[in-house]
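> Just dropping this structure here.
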Amino acid sequence: MATENHATFFDRFPKTFSAVDILDVNNLLEFGQNIVTFCEMQGAALYPVKSDVNGNIVKIRNSCENFDVWTVEEMLARENEANIAKKDSSGSVGLLWLSRGVELIIESLAELVRNPDEKMSNLVKIAYEKTLRPYHNRVMSLIFSGGLKMFPDTKTFLLKLAYNKPDMEEEVMVAMNDFLQTYGQILEPIQMMLAKYDIGDKSDILERKKEEEKERKRERSERSERKYM
């Protein structure tokens, strides 16, 4: 990882960025790759997020190459026309889950800016509950929650974002705040596009609730069987 041109991790991102920019797939994938790098910098704590974001980047790239399109709306439209938009392997589903993973990271940073004296592991837990948790079944929730418990303390977290250069906490926090000012609402146009093509959210939450209810019934049945054995 080259660091000589970056004082902090946030210097990877353009200082100006718009809704139009994020709807260009090349820009989106570059942004996503920077999120992967962020996850790598935090080690095992964000491994599930890193793996998820990486997989969704691949889905989007494969779809765009297959249809020879390079904007988010073109990809969504072509997959919708081909009746594959809601398949798990589609770029549309990849975009949905990429946006959710990115939202977790952005919300974690926002929580730190709002509550700089709180434990980092508590902040990412709060961010997870606000973002990804409603869409995860029990198994996925355990995997993600387990990883987030290993999150480093705030001082170590900020040190990593400064590429291990000491005495950079204040500079990192300033850069983080600037990043949030530019990118804090960057997912809105993507979420609007997903809603336009009826991808995700309400149906996903309902499906998760159905899965959890089935799991609870199965557990009750197993307990009942053991009771009378």
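> Using Cα springs under 10 Å in a Gaussian network model of the chain, which residue among VAL113, VAL139, VAL36 shows the largest mean-square fluctuation?
Looking only at VAL113, VAL139, VAL36, the biggest GNM fluctuation is shown by VAL139.
> Provide the net charge surrounding PRO189, with neighbours chosen by a C-beta distance below 12 Å and charges set as Lys +1, Arg +1, Asp -1, Glu -1.
Once positives and negatives cancel, what remains is -3.
> Moving to a separate point now. Summing -39500 (n - 2.57) over the DSSP H runs of n ≥ 4 in the chain and dividing by its residue number, what mean residue ellipticity at 222 nm do you reach, to the nearest 500 deg cm²/dmol?
It comes out at -22000 deg cm²/dmol, rounded to the nearest 500.
> Which far-off residues, 5 or more places away or on another chain, put their amide H under 5 Å from the one on THR71, with H placed in the peptide plane?
The list, which skips near neighbours in sequence, is VAL25.
> When the chain is modelled as a GNM with alpha-carbon springs shorter than 10 Å, which of PRO134, PRO166, PRO189 fluctuates the most?
PRO166
> Checking the table LYS87/LYS160; LYS87/LYS155; LYS15/LYS196; LYS160/LYS196; LYS15/LYS155; LYS15/LYS165 against a 31 Å threshold on Cα-Cα, which pairs fail?
LYS87/LYS160; LYS87/LYS155; LYS160/LYS196
> Please give the charge dipole size of segment 72-203, origin at the Cα centre, charges +1 on K and R Cβ atoms and -1 on D and E Cβ atoms. Round to the nearest 20 debye.
Rounded to the nearest 20 debye, it is 600 debye.
> Under 10 Å from the Cβ of PHE38, count the other residues' Cβ atoms, weight Lys and Arg +1, Asp and Glu -1, and hand me the total.
Net charge in that neighbourhood comes out at +2.
> If we count other beta carbons within 10 Å of each Cβ, what is the order of TYR183, TYR47, fewest first?
Listing TYR183, TYR47 from fewest to most nearby Cβ atoms yields TYR47, TYR183.
> For the chain, give the magnitude of the charge dipole about the Cα centre (Cβ charges: +1 Lys/Arg, -1 Asp/Glu; no others), in debye to the nearest 20.
The dipole of the chain has a size of about 1360 debye.
> Using a 7 Å offset from the Cα along the Cα-to-Cβ direction at both ASN66 and PHE17, what is the distance between the two label points in nm, to one decimal?
The modelled label-to-label distance comes out at 2.7 nm.
Where a number appears in this text, it was derived from the coordinates with a stated rule and is not lab data. Note that the coordinates shown come from a computational prediction; the quantities given were computed from them, not determined experimentally. A quick note on method: Cβ atoms are made from the backbone with ideal geometry, for glycine too, and the neighbour counts reach across all protein chains shown.
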